[in-house]
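Q: Here it is: the structure, laid out below.
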Amino acid sequence: MTDDDEPSVEDIEIELLLEALYRRYHYDFRHYARASIKRRLFQARDRLGAGSISGLQEQVLRDPDALAPLLNYLTVQVSEMFRDPSYFRALREKVVPHLRTYPSLKIWVAGCSNGEELYSLAILFREEGLEQRTIFYATDINPKALRAAEAGVYPLSQIRKFTENHQKSGARTSLSDYYTADYDRAIFDSSLRANVVFSDHSLATDSVFAEMHLISCRNVLIYFDRALQDRAVGLFDSSLVRRGFLGLGRKESLRFSAHAAAFEDLVRDEKLYQRRDR
Ligand SMILES: C[S@@+](CC[C@H](N)C(=O)[O-])C[C@H]1O[C@@H](n2cnc3c(N)ncnc32)[C@H](O)[C@@H]1O
């Protein structure tokens, strides 16, 4: 906004571009935190040589091939295996004992990016003897990220950090049991994804698709405005079994959510919640 509260030309262009993306491709970024969308659209404008946000709109409206590169700017793919290891330790100690009581399990990794969080959970479930009874759903809106998640190949340079994280998560095995090194890449064992369904699913536009025992959605809601966060948490509420579990990232919280009353804290610092009985 300018000083006299009139939207700037760029604010208007951004609104029109987001509307165009929604109307043409059904990708809905209209309720993402505007400051960070703006920053990333400026980057896209400069690096994709569009000249202006309207130029970017023109490109993407007329050329479907321009969509994928733009999506790579609009979504953030930073992740790690066993990222914030204390979260995974808390899962082992506080959630796994409950999960053991179910004969079969459905786990949803919402906003799975390139799959690092999914493989972390698959390894943890194998270590805890739960893998055979589990179906994992790994969803995202970025097709390139979903393809990378299905491939399960990561730069070898990241393995030291992943290994440290894994150890801190209370590992019962060695991370090297799960990948083979090939030049500068670590290729994760395909058996880890034997029970995984990879799917395009948007927390902004799609609905419930299965009944879950645990939903892990970390470092995704931070990119949404309050209304969209509420939509997503409402979706999680409707997707969980009675007394099911929800894990959010360290930076997220249910405290101000319209659905806060539906959940109770399980491990407060880790933003691990359990659905209340109703
Ligand atoms: C920073 S990554 C988080 C990866 C992983 N969960 C973690 O914590 O390391 C955010 C992911 O959310 C995805 N995302 C963004 N908007 C989404 C939406 N509306 N529905 C589902 N996923 C979305 C992005 O494509 C990206 O892969």
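The values are calculated or read from the model by the stated rules, or taken from the named source; none is laboratory data. Just so it is clear, the model here is predicted, and its values are computed rather than measured. Reconstructed Cβ throughout: ideal geometry from the backbone, glycine too, with neighbour counts over all protein chains shown.
Q: Could you run through the stretch 112-142 and say how many residues are surrounded by 21 or more Cβ atoms within 10 Å (Cβ to Cβ), charged (D, E, K, R) and touching a residue at least 60 places away in the same chain (Cβ under 8 Å)?
A: Here the count works out to 2.
Q: How many of the residues making up the stretch 39-65 are basic (K, R), within 16 Å of the ligand (Cβ to nearest atom) and in contact (Cβ under 8 Å) with a residue 12 or more places away in the chain? So that I can check it myself, show each step before the final result.
A: Taking the stretch 39-65 as the starting set, the residues that turn out to be basic (K, R) are 39-40, 45, 47, 62.
Filter again for within 16 Å of the ligand (Cβ to nearest atom), leaving 39-40.
Pick out the ones that are also in contact (Cβ under 8 Å) with a residue 12 or more places away in the chain and you get 40.
Going through the stretch 39-65 one residue at a time, the tally reaches 1.
Q: Here are the criteria: (1) exposed (fewer than 15 other Cβ atoms within 10 Å of the Cβ); (2) within 28 Å of A149 (Cα to Cα); (3) charged (D, E, K, R). Tell me which single one D5 does not satisfy.
A: (2)
Q: Can we say R47 is of a type in the set (K, R) and closer than 28 Å to S157 by Cα?
A: Against the criterion (of a type in the set (K, R) and closer than 28 Å to S157 by Cα), R47 qualifies.
Q: Go through the stretch 97-113 and give me each residue that's within 16 Å of the ligand (Cβ to nearest atom) and of a type outside the set (A, V, I, L, M). Write out each step before concluding.
A: As a first pass, look at the stretch 97-113 and keep what is within 16 Å of the ligand (Cβ to nearest atom): 107-113.
Correct list: W108, G111, C112, S113.
Q: Tell me the residue from L192, L240 that is more than 27 Å from D265 (Cα to Cα) and away from the ligand (no atom under 15 Å from the Cβ), please.
A: When all the criteria are applied, what remains is L192.
Q: Of all the helices (runs of 4 or more DSSP H) wholly in the stretch 98-180, which have at least 3 residues that are in contact with a Ser or Thr (Cβ under 7 Å, 6 or more places away or on another chain)?
A: Per the criteria, 116-127.
Q: Quick one: in the stretch 146-156, of everything that is under 19 Å from the mean Cα position of the chain (by Cα) and surrounded by fewer than 22 Cβ atoms within 10 Å (Cβ to Cβ), which residue is farthest from P85 (Cα to Cα)?
A: R147
Q: Name the single residue that is farthest from the ligand (Cβ to nearest atom) among those in the stretch 81-96 being crowded, with 16+ Cβ neighbours inside 10 Å and more than 15 Å from K271 (Cβ to Cβ).
A: The qualifying residue farthest from the ligand (Cβ to nearest atom) is V96.
Q: Go through (1) surrounded by 15 or more Cβ atoms within 10 Å (Cβ to Cβ); (2) touching a residue at least 60 places away in the same chain (Cβ under 8 Å); (3) within 26 Å of R92 (Cβ to Cβ) and name the single condition S253 misses.
A: Checking S253 against (1) surrounded by 15 or more Cβ atoms within 10 Å (Cβ to Cβ); (2) touching a residue at least 60 places away in the same chain (Cβ under 8 Å); (3) within 26 Å of R92 (Cβ to Cβ), the one that fails is (2).
Q: Residue pairs, Cβ under 8 Å, 6 or more apart or interchain, first in the stretch 193-207 and farther than 21 Å from L71 by Cβ and in contact (Cβ under 8 Å) with a residue 24 or more places away in the chain, second among the hydrophobic types (A, V, I, L, M, F, W, C) and away from the ligand (no atom under 15 Å from the Cβ). List them.
A: N195/I135; V196/I135; V197/I135
Q: Among the residues of the stretch 226-235, which ones are within 12 Å of the ligand (Cβ to nearest atom) and under 11 Å from I215 (Cα atoms)?
A: Selection gives L235 alone.
Per-residue answers, yes or no, for (1) more than 18 Å from N142 (Cα to Cα); (2) part of a helix (DSSP H, G or I):
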site	(1), (2)
E10	yes, yes
L18	no, yes
D28	no, no
S36	no, yes
R39	yes, yes
R45	yes, yes
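Q: Could you figure out which of (1) over 30 Å from R231 (Cα atoms); (2) within 16 Å of the ligand (Cβ to nearest atom) isn't true of Y183?
A: If we test Y183 against (1) over 30 Å from R231 (Cα atoms); (2) within 16 Å of the ligand (Cβ to nearest atom), just (2) comes out false.
Q: Report, by residue number, each residue of the stretch 131-182 that is over 30 Å from A66 (Cα atoms) and among the charged types (D, E, K, R).
A: Selection gives E131, R133, R160, K161, E164, K168, R172, D177, D182.
Q: How many of the residues in the stretch 243-259 are away from the ligand (no atom under 13 Å from the Cβ), modelled with pLDDT under 95 and out of contact with any helix residue (DSSP H, G or I) (no Cβ under 6 Å at 6 or more places or on another chain)?
A: Final tally of qualifying residues: 3.
Q: For the stretch 88-111, which positions are touching a residue at least 60 places away in the same chain (Cβ under 8 Å) and aliphatic (A, V, I, L, M)?
A: A90, L91, V95, L99, L105, I107, V109, A110
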